[in-house]
Amino acid sequence: MSKICWFLGIRIEMGIDDHPVPHFHAIYEDLEPNPEAAYAIETLEVIEGALPKLAHGFVLEWMDDHRKELLEDWQRVKQGLPLPEIEALEGTF
């Protein structure tokens with residue numbers, strides 16, 4: 001999987017080997033063990049796993065702002081191309 005963004009202790013990665021629908025994984029690195037969830041890009045639904053409520057809300061906000069880039073990255077990852085990073089959640093660094 002390739003890292004495409006990091007904000008507020010949340011690492012966003014994308015790969016195609018585990019689920020057929022366009023999706024990405026969000027890993028919350030501020031907790032041990034690191035909670036992880038897979039999100040369907042087109043529906044905004046969690047398709048596997050779970051994040052704490054606040055982290056989940058941040059991921060939904062970020063995903064809504066960057067859905068077009070996420071779908072473009074999905075097409076690139078399917079072709080085996082490198083993925084550009086996507087801008088972090090606005091107001092974070």
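The values are calculated or read from the model by the stated rules, or taken from the named source; none is laboratory data. Just so we're clear, the structure is a prediction, and the values are computed from it rather than from any experiment. Here the Cβ positions follow ideal geometry from the backbone for every residue, glycine too, while neighbour counts run over all protein chains shown.
The residue that is nearest to H23 (Cα to Cα), counting only those in the range 36-59 that are in contact with a strand residue (DSSP E or B) (Cβ under 8 Å, 6 or more places away or on another chain) and part of a helix (DSSP H, G or I), is V59. Among the candidates E29, E72, E42, the residue that is surrounded by fewer than 20 Cβ atoms within 10 Å (Cβ to Cβ), of a type in the set (D, E) and modelled with pLDDT of 95 or more is uniquely E72. Scanning the range 75-93 for residues that are touching a residue at least 24 places away in the same chain (Cβ under 8 Å), in a loop (DSSP other than H, G, I, E, B) and closer than 14 Å to M14 by Cα turns up P82, L83, P84, E85, I86.
Considering E32, E72, the condition of being of a type outside the set (S, T, Y) and either outside any helix (DSSP H, G or I) or touching a strand residue (DSSP E or B) at 6+ places or on another chain (Cβ under 7 Å) (or both) is satisfied by E32 alone.
On the given criteria, is E13 without any contact (Cβ under 8 Å) to a residue 40 or more places away in the chain, under 12 Å from the mean Cα position of the chain (by Cα) and surrounded by 14 or more Cβ atoms within 10 Å (Cβ to Cβ)? When the stated conditions are applied, E13 passes them. Taking E32 as the residue in question, decide whether it is touching a Ser or Thr at 6+ places or on another chain (Cβ under 8 Å) and free of Cβ contacts under 8 Å to residues at least 24 places away in the same chain. No, not satisfied. Among residues of the range 41-56 being of a type in the set (A, V, I, L, M) and closer than 17 Å to E69 by Cα, the one that is nearest to the chain's Cα centre (by Cα) is I41.
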